[in-house]
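**Student:** Below is one structure. I have some questions about it.
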Amino acid sequence: MKQLLMQIGVCISFVGFCLYSYLDAQNDLTHLKMHLPQKEKEIEQIQEEMKRLSYTIDQFENPTNLIELAHKPEYRHLRHPVLREILTVSESSFACD
């Protein structure tokens, strides 16, 4: 009789532990689902910021803008190099033997 009560107690404890683990996993899942809309908004804001920055970079790198910058006094000291000042290195010089 004692052994049967002990087995029943162990089984009930095991079932209780399984239920607790299941509820804990469900609580974690619910917590993540609650925070999902906030994270989606953050991702959307980051993507919009990336688009804005990409547009800004494209506008800055626009050849027309670069030519206008070259005519400004603070950039007058910059110049295009003459062809004989440009050094080229062929790929064959880096080949490993």
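Every number here is computed from the coordinates shown, using simple stated rules; none is lab data. For clarity, every value in this text was computed on a predicted model and none was experimentally measured. Cβ coordinates were reconstructed from backbone atoms using ideal geometry, including for glycine residues, and neighbour counts include every protein chain displayed.
**Student:** Under the rule of -39500 (n - 2.57) per DSSP H run of 4 or more residues, summed and divided by the residues of the chain, what mean residue ellipticity at 222 nm is obtained, to the nearest 500 deg cm²/dmol?
**Tutor:** Value at 222 nm, helices only: -25000 deg cm²/dmol.
**Student:** Over the chain, what portion of Cα pair distances is larger than 22 Å, expressed as a whole percent?
**Tutor:** Tail of the P(r) past 22 Å holds 73 percent of the pairs.
**Student:** Moving on. If you line up the long axis of helix 2-60 against the longest principal axis of the chain, both from Cα atoms, how many degrees apart are they, to the nearest 10?
**Tutor:** Its long axis makes an angle of about 20 degrees.
**Student:** What is the spin-label model distance, in nm, from Val15 to Met34 if the labels are put 7 Å beyond Cα along the C-beta direction?
**Tutor:** My value for the distance between the label points is 3.0 nm.
**Student:** How much length is gained if the chain between Leu53 and Met6 is pulled fully straight, taking 0.36 nm per residue apart and subtracting their Cα-Cα distance, in nm to one decimal?
**Tutor:** 10.1 nm
**Student:** Please go through segment 5-97 and write out the GluC sites (Glu not before Pro) that DSSP classes as loop and that have at most 10 other C-beta atoms within 10 Å.
**Tutor:** Glu61
**Student:** Still on this structure: Grab the Cα-Cα distance for Asn65 and Arg84, subtract it from 0.36 nm times how many residues apart they are, and report the gain in nm with one decimal.
**Tutor:** Gain on stretching Asn65 to Arg84: 4.1 nm.
**Student:** Would you kindly derive the ³J(HN,Hα) couplings of segment 76-81 from the backbone phi angles with the Karplus curve 6.51 cos²θ - 1.76 cosθ + 1.60 (θ = phi - 60°), listing them in order in whole Hz, with x for Gly and Pro?
**Tutor:** 5, 6, 7, 9, 7, x
**Student:** May I ask which residue of Leu66, His31, Leu5 lies farthest towards the positive end of the charge dipole of the chain, with charges of +1 (Lys, Arg) and -1 (Asp, Glu) on Cβ and the Cα centre as origin?
**Tutor:** It is Leu5.
**Student:** Over every pair of different alpha-carbon atoms in segment 32-84, take the mean of 1/r and invert it; report that Kirkwood radius in Å.
**Tutor:** Its Kirkwood hydrodynamic radius stands at 14.6 Å.
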